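Worksheet: one structure, shown below.
Derivation of every value follows stated rules applied to the coordinates shown; laboratory data play no part. For clarity, every value in this text was computed on a predicted model and none was experimentally measured. Here Cβ is always computed from backbone atoms with ideal geometry, including for glycine, and neighbour counts include all displayed protein chains.
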Amino acid sequence: MRLYSMRFCPYSHRTRLVLQAKGIKCQVVNINLRSKPEWFYTKHPFGQIPVLENSKCQLIYESVIICEYLDDVYPEKKLFPCDPYERARQKMLLELFCKVPYLTKECLIAMRYRRECSDLKAALRQEFCNLEEILCYQKTSFFGGNCISMIDYLLWPWFERLDVYGVADCVDHTPTLKLWMAAMKQDPAVCALLIDRSTFLGFLNLYFQNSPDAFDYGLTC
């Protein structure tokens, strides 16, 4: 099995978290998104990542679909709940999260180009308030209960990037959400895939210079 990925992409990060958490061995092929090889368009018609290629050369894309596929094909350690309602509830939570990827990206771009972003940050704070309310209502350590489950891995990549994106202050008013973040940082799968801050910032600096070398930043021969 092969995953076409990019080291700094939050959507690819989702898939790699699930692979790591479930102990699935998989070859990872990182794609340079500034200089995509022509053959990659045979894997995805628009050249997007992540893409999973299974042993039958079947292709699966879109990060949530890939993660659900992996959970079904490798059921030994289920991450989605078996109960249909609880599974549906996690998917509803994911829908509530849908504005966060856009807002974090737009905040990052605005700050990099020294644009006003107070409205964007206010909107992001509100989204985090909504997630805070859910955790407080549930009275659980994680979004799926008292153990990490699929929904936590699907949300996590954007929270790991809050600091390097310059929006860590947007969770200052959500203490329960910050406790969830602290608990996530103790998870073995999360720890195994953590990219240090200096490497991430080095990537972002090159990325915003449109450098094709950004995607290999921090790698040694």
At the level of C-alpha centres, the distance separating segment 44-68 and segment 105-124, in angstrom, is 31
Listed residues Ser5, Ile134, Met181: farthest to the positive end of the dipole of the chain (Cβ charges) | Ser5
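Do any trypsin sites (Lys or Arg not before Pro) in segment 3-92 lie in a DSSP loop with no more than 16 other beta carbon atoms within 10 Å, and if so, which?
Values: sites: Arg7, Arg14, Arg16, Lys22, Lys25, Arg34, Lys43, Lys56, Lys77, Lys78, Arg87, Arg89, Lys91; in loops: Arg7, Lys25, Arg34, Lys43, Lys56, Lys78.
Here the sparse-neighbourhood loop sites are Lys25, Arg34, Lys56, Lys78.
Please report, in debye to the nearest 20, how large the charge dipole of segment 96-221 is about its Cα centre when each Lys and Arg carries +1 at its beta carbon and each Asp and Glu carries -1 there. Before the final figure, lay out each step's value.
On the way: 12 positive and 15 negative charges, 29 e Å.
Dipole of segment 96-221, to the nearest 20 debye: 140 debye.
Helix-only mean residue ellipticity at 222 nm, the chain, DSSP H runs n ≥ 4 weighted -39,500 (n - 2.57), per residue, nearest 500. What is it?
-16000 deg cm²/dmol, from helical runs alone.
Taking the Cβ-Cβ separation of Val29 and Asp163 as r and a Förster radius of 30 Å, what is the calculated FRET efficiency to the nearest 0.05? Walk me through the numbers before you get to the answer.
On the way: r = 28 Å, r/R0 = 0.93.
Efficiency, rounded to the nearest 0.05: 0.60.
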Under the 7 Å Cα-to-Cβ spin-label approximation, Asp196 and Ser55 lie apart by a distance in nanometres of 3.8
Shape category assigned to segment 36-145 from the gyration tensor of Cα positions, a/c cut at 1.5 = oblate
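Which entries of Lys22/Lys105; Lys22/Lys185; Lys36/Lys77; Lys77/Lys105; Lys91/Lys139 have Cα-Cα distances beyond 25 Å here? Walk me through the numbers on the way to the answer.
Working: Lys22/Lys105 29 Å; Lys22/Lys185 17 Å; Lys36/Lys77 34 Å; Lys77/Lys105 32 Å; Lys91/Lys139 19 Å.
Pairs exceeding the cut-off: Lys22/Lys105; Lys36/Lys77; Lys77/Lys105.
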Of the candidates Ser63, Gln90, Phe203, the farthest towards the positive dipole end of the chain (Lys/Arg Cβ +1, Asp/Glu Cβ -1, centred on the Cα centre) is Phe203
Subtracting the Cα-Cα distance of Lys78 and Cys129 from 0.36 nm times their residue separation yields 15.5 nm
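Return the percentage of antiparallel bridges among DSSP beta bridges fully within the chain, rounded to the nearest 5 %.
Values: 7 of 11 bridges.
Of those bridges, close to 65 percent are antiparallel.
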Eligible aspartates and glutamates near Lys43 by straight Cα distance, threshold 13 Å, same-chain separation 8 or greater = Glu53, Glu62
Under the Kirkwood approximation for Rh and a Cα-based Rg, what ratio Rg/Rh is obtained for the chain?
-> 0.96
